[in-house]
Every structure is written in C-alpha cells, then in structure tokens.
Amino acid sequence: MDHSPGRISGRGPYRDRLNEEVWSRLVEIVSAANRGDADAHFSAISKWPEELSLVGHQRAAVYLLYLLYRQVKTTIGRAPTQADLHELTSTVYPRFREILTADELLLEETFRAVFEFPPLRVTLKPGERVALSSVALGVLMVDPAREMEAMRPGMAGWLSRNQEKFRAEGMLDDPSGAERP
C-alpha cells in the first residue's frame, strides 16, 4: 500500500474530505493517551459504539493506520524492519501499559499490522486495533494535536489514492464524509 503523502482534494475547511467528527474524536483519544490519562482515553473510546456508526469506526481505523505508520517511520527515521518494531515495542511498552492493560505482544502485533508484517501469534480484531493503535500513537507523540494536524494533508492524499482498496475491503463506504460519522 502506498503511504506517501499526496495531493489534497475535496471540499470543506481543509479541502481534504476527512470526517471532522471522527478526526476530532481521534485527536481526543490520542491526546488522552499522550497525557497518560487512562480514564479519559477509556471514557472517550467507550462512547464510540453508541455515538459513531460502523462507518465512523471504520474511518477511525483507516485514519489510525496512516497516522501510526507515519509516526513510527518518523520515530525510527526510516521504514522499520521487524527487529526495529520489536525494539520500539520494548521501548514504549512501559508507558503504553500505564494507559491500556494489554500484553506487550499486542502492542508489537499492532505495529506489525500497520507495516503489513505477518502476525507473531494473534491477528487483531478491528476494535482492538483502534484501541491499541490510538494508545501507541499517543505514547509516540509529543504534541498529538499539532503532529496529527501536520500529517492530515498527507493522509488525505493517501486516502484518495487508496479509497478503492478500502472500499473493496469494506473499510470505507463513502469517501466524501457525507454520511453520519
């Protein structure tokens, strides 16, 4: 999959077609993870089943896929190897587990899935992937709102280039963001 930044297209304040409701919720949960506020992260993400449609959940998963991919590459300084991801997992896991009680293996599986490496032992479920990815992203960032905003144009181009793939996989129904989040 092509993760490189690309052209921005669309309409709205950012002219990028990203769903603002999903985007603001992601900024909220990633920022909570970054602050080490497990209660705020849990509270915000636990409301999603009642407040976001399935398409909103799918959109969040797709957005996190790109954001975590870019952040890991930025953190490591290049496309990571499997060994790099293992080392990164060991480095950030102590901070990660303060926010989310999950086995270290699940964090590594999260990183591996983003880079399309085969799983070590388990394949993550979609809901797990959103929770794990949002915390992983939060612990890797210094200023989530600013850093995520800086990644937004590249993500818009990436979504535009890959929308048919996501539709085929049932991960993105309407790229316009016109449906309920």
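Since every read-out is calculated from the coordinates, none of them should be taken as a lab result. Worth saying up front: this structure is predicted, and the values here are computed from it rather than measured. Positions of Cβ are backbone-derived with ideal geometry, glycine not excepted, and every protein chain shown enters the neighbour counts.
In summary, the helical segments of the chain meeting the span-like criteria, namely a full DSSP H run, a Cα extent along the axis of 18 angstrom or more and a mean Kyte-Doolittle hydropathy of at least 0.0, are 54-76, 126-140.
Helices in the chain, meaning DSSP H runs of at least 4 residues, each add -39500 (n - 2.57). Divided by all residues, the mean residue ellipticity at 222 nm is -22000 deg cm²/dmol. Considering only Ser31, Ser133, Ser53, the mean-square fluctuation computed in a Gaussian network model of the chain, springs between alpha carbons under 10 angstrom, is largest for Ser53.
Against the compact-protein benchmark of 2.2 N^0.38 Å, the Cα-based radius of gyration of the chain scales to 0.96. When you count the other C-beta atoms within 10 angstrom of each residue and take the mean per peptide, 66-73, 17-24 line up highest first as 66-73, 17-24. Descending by average beta-carbon neighbour count within 10 Å, the peptides 111-117, 59-65 line up as 59-65, 111-117, the highest first. Placing unit charges on the Cβ atoms only, positive for Lys and Arg and negative for Asp and Glu, gives the chain a dipole magnitude near 520 debye about its Cα centre.
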